[in-house]
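Trainee: One structure, as structure tokens, below. Some questions next.
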Amino acid sequence: MEEENQIKLHGMWGSTFTKRVELALKLKGIPYEYIEEDLSNKSQLVLKYNPVHKKVPVLVHNGKPIIESLIILEYIDETWKNAPRLLPDDPYERAKVLFWASFLHQQLFEDMGRVITSDGEAQEKATKDLFEKLTILEEGMKEFFPGGTPSINGENMGLLDILMYALFGPYKAHEEVLEMKTIDPERNPLLFSWVMALTELPVVKESTPPHEKLVALVQFIRENALQSCVA
Amino acid sequence: MAEEVKLFGMWASPFSRRIEVALKMKGIQYEYIEEDLSNKSPSLLNYNPVHKKVPVLLHKGKPVAESLVILEYIDETWKQNPILPADPYEKAMARFWAKFLDEKLWPAAKKVVLSKGEEHKGLIEEIQEHLKTLESELKEKKFFGGESLGFVDIAANIIFWLLVVQETLGLDILTEDKFPGLHEWNHRLLDDAVFKECVSMERLLASFKVRFGALTASK
């Protein structure tokens with residue numbers, strides 16, 4: 001008898017972390033049920049499945065919850081071994097990808113967050129940090145794209161592609177709200193062309209929320225953060 | 001022919017010590033290079049140009065950085081005495097707890113040393129919340145890894161650094177009555193032949209007393 005493969009994803013449409021998981025599931029052709037969570041009123045299920053952090057995304061596979069987007073991505077890759085492989089098999093290549101994944105996930109994401117949620121001097125400092133890290137990333141990614149121009153399709157997308165898209169896919173919305181460029185074709189030509197290549201893929205396009213919705217969300221996050229500082 | 005394995009580390013860094021535990025558990029021969037963090041070697045800066053930190057593992061000339069990434073690399077390369085579970089779900093759980101330790105417990109434990117007044121009280125409460133979470137994850141198990149020492153136990157070495165801070169500053173954070181499970185687990189780890197070689201409690205205590213002992217007066 002075939003074992004029922006029940007996959008549910010609890011997420012939030014604008015969350016970069018949820019986006020990562022959705023993309024991975026779509027790339028691997030894994031059918032799933034999506035449950036949209038209202039972050040101000042989390043469902044009992046989310047609280048039950050993620051009692052430690054009470055956050056989305058939560059992937060529930062045959063009743064067992066997996067949390068933290070990077071951990072979910074690794075779990076997906078280890079459980080569904082069909083192409084595209086999100087991580088290399090070779091331990092050293094894998095370690096390199098995980099190193100940069102951590103850099104994107106922690107350092108760049110935090111810097112990006114600070115740029116969005118601050119103004120004045122604090123924002124200037126955060127922007128400087130972000131640009132410095134982008135330079136480091138640009139340099140680091142050269143070995144992953146030896147030809148210079150990323151050539152990506154639905155068959156060869158991997159973990160770093162997913163993280164890059166989730167973080168910088170909404171760059172136009174960021175630019176509109178912040179009135180400045182985050183990734184810049186002049187400053188970061190490789191990274192910029194990488195994001196361009198990613199946003200053109202059909203599987204990515206169908207996962208991308210409408211521009212106006214993204215702008216409204218970034219605006220909301222920014223205003224919320226700035227107001228709470230003024231208290 | 002022995003494969004060349006080198007570890008750039010620092011004796012007082014729990015992240016560096018984790019790697020030593022893993023290498024010793026698997027019986028891997030390695031050369032250890034002690035780094036002076038105030039005067040980092042050109043090799044270290046060359047092998048970890050992005051973060052310029054220890055630990056860095058060098059295997060056949062190729063560097064691996066970030067302690068949890070190194071632990072996974074070691075486990076995938078040398079298959080004896082596995083550190084991570086084989087089952088993807090159990091593996092995901094192990095990774096979750098290791099991240100929890102590094103992203104929640106460690107930052108609070110670091111901050112508590114120099115904190116004062118309300119912030120200090122708040123941090124102690126926060127640390128104890130995290131310890132409660134860990135205590136309930138440990139439950140009746142011998143180790144976080146079950147019957148034998150695993151990935152989470154190795155990552156949880158930072159709890160020993162917390163105990164050193166606790167003793168140096170005369171604080172009551174992780175006590176036997178509040179956290180009996182973790183208390184027992186501590187003892188089991190300190191009894192483990194490999195683990196106890198890689199923690200140097202007395203040396204840490206002496207070093208912390210020199211650096212932070214004066215802080216007990218100002219509390």
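Trainee: Working from the pairwise distances between different alpha carbons, so that the mean of 1/r is found and then inverted, what is chain A's Kirkwood radius in Å?
Mentor: 18.6
Trainee: Run through all the Cα pairs of the stretch A:16-62 and give the fraction in each 5 Å bin from 0, expressed as whole percent.
Mentor: That works out to 5, 19, 30, 25, 15, 6, 0, in percent per bin.
Trainee: Further question: Could you state, as a whole-number percent, how many of the C-alpha pairs of the stretch B:128-214 are farther apart than 16 Å?
Mentor: 53
Trainee: What trypsin sites (Lys or Arg not before Pro) in the stretch B:20-84 are in a loop by DSSP, with at most 12 other Cβ atoms within 10 Å of the Cβ?
Mentor: Passing both the DSSP loop test and the Cβ count: B:LYS60, B:LYS79.
Trainee: Then there's this: Can you tell which of B:LEU71, B:LEU101, B:LEU37 shows the greatest fluctuation in a Gaussian network model of chain B with Cα springs below 10 Å?
Mentor: Ranking B:LEU71, B:LEU101, B:LEU37 by mean-square fluctuation puts B:LEU37 first.
Trainee: Between the stretch A:74-131 and the stretch B:92-112, what's the alpha-carbon centroid distance in Å?
Mentor: Each part's Cα centre sits 18 Å from the other's.
Trainee: Also, quick follow-up: Just to be sure I understand the curve: with the Debye formula and one point per C-alpha of the stretch A:81-198, what is log10 I(q)/I(0) at q = 0.16, 0.18, 0.20, 0.22 Å⁻¹?
Mentor: Summing over Cα pairs of the stretch A:81-198 leads to -0.76, -0.95, -1.14, -1.35.
Trainee: From the residues A:LEU9, A:THR208, A:LEU98, which one has its Cα farthest along the dipole of the protein assembly as shown in the positive direction, the dipole being from +1 and -1 charges on Cβ of Lys/Arg and Asp/Glu about the Cα centre?
Mentor: Of the candidates, A:LEU98 comes out farthest on the positive side.
Trainee: Kindly write out, for the stretch B:140-148 in residue order, the coupling ³J(HN,Hα) from the Karplus curve 6.51 cos²θ - 1.76 cosθ + 1.60 (θ = phi - 60°), rounded to whole Hz, with x marking Gly and Pro.
Mentor: Per residue, the Karplus-derived 3J(HN,Hα) values read 8, 6, 5, 10, 4, x, x, 6, 10 Hz.
Trainee: Search the structure for amide H atoms under 5 Å from the amide H of B:TYR32, placed 1.01 Å from N in the peptide plane, and list their residues when 5 or more places away or on another chain.
Mentor: Close amide H contacts, sequence-distant or interchain: B:LEU7.
Trainee: Follow-up question, since we're still on this one. D for the protein assembly as shown, whole µm²/s, Stokes-Einstein with Kirkwood Rh over alpha-carbon pairs at 10 °C and 1.306 mPa s: what number?
Mentor: 67
Trainee: Using a 1.4 Å probe over the heavy atoms of the protein chains, calculate the carbon and sulfur portion of the accessible area of the protein assembly as shown as a whole percent. List each step's numbers first, then the result.
Mentor: Values: 11220 of 21340 Å².
Taking all protein chains in place, the protein assembly as shown shows 53 percent carbon and sulfur surface.
Trainee: Rg to Rh ratio, the stretch A:57-129, alpha-carbon atoms and Kirkwood radius?
Mentor: On the Cα set of the stretch A:57-129, Rg over Rh gives 1.14.
Trainee: Same structure again: Within the stretch B:127-219, report the chymotrypsin sites (Phe, Trp or Tyr not before Pro) that DSSP leaves as loop and that have at most 16 other Cβ atoms within 10 Å.
Mentor: Of the chymotrypsin sites (Phe, Trp or Tyr not before Pro), not one in the loops of the stretch B:127-219 has a Cβ with at most 16 other Cβ atoms within 10 Å.
Trainee: Find, among the chymotrypsin sites (Phe, Trp or Tyr not before Pro) in the stretch A:88-167, those assigned to loop by DSSP (not H, G, I, E, B) with at most 16 other beta-carbon atoms within 10 angstrom. It would help to have the intermediate numbers written out before the result.
Mentor: Values: sites: A:TYR92, A:PHE99, A:TRP100, A:PHE103, A:PHE109, A:PHE131, A:PHE144, A:TYR165; in loops: A:PHE144.
Sparse-neighbourhood loop chymotrypsin sites (Phe, Trp or Tyr not before Pro): A:PHE144.
Trainee: Still on this structure, I have one more. Figure the gain on full extension for B:ALA214 and B:GLU176 (residue separation times 0.36 nm, minus the Cα-Cα span) and round it to one decimal in nm. The partial results should precede the final answer.
Mentor: Details: separation 38, 0.36 × 38 = 13.68 nm, distance 2.59 nm.
Taking 0.36 nm per residue and subtracting the Cα distance, the gain is 11.1 nm.
Trainee: Quick one: work out Rg over Rh on the C-alpha atoms of chain B, Rh as Kirkwood radius.
Mentor: Details: Rg = 17.6 Å, Rh = 18.2 Å.
Taking Rg over the Kirkwood Rh, I get 0.97.
Trainee: Here is a further query. Once every DSSP H run of n ≥ 4 in chain A is given -39500 (n - 2.57) and the sum is divided by its residues, what mean residue ellipticity at 222 nm do you get, rounded to the nearest 500 deg cm²/dmol?
Mentor: It lands at -16500 deg cm²/dmol.
Trainee: Leaving out ligands and nucleic acids, note down the accessible area per residue over the protein assembly as shown with a 1.4 angstrom probe, in whole Å².
Mentor: Details: 21340 Å² over 450 residues.
With all protein chains present, the protein assembly as shown gives 47 Å² per residue.
Trainee: In terms of the ratio Rg/(2.2 N^0.38 Å) built on C-alpha atoms, what value belongs to the stretch A:1-133?
Mentor: 1.21
The values are calculated or read from the model by the stated rules, or taken from the named source; none is laboratory data. Bear in mind the structure is a predicted one, so any value in this text is a computation, not a measurement. A quick note on method: Cβ atoms are made from the backbone with ideal geometry, for glycine too, and the neighbour counts reach across all protein chains shown. Heavy atoms of the whole protein, side chains included, go into the accessibility calculation; ligands, DNA and RNA do not. Shrake-Rupley method; radii C 1.70, N 1.55, O 1.52, S 1.80 Å.
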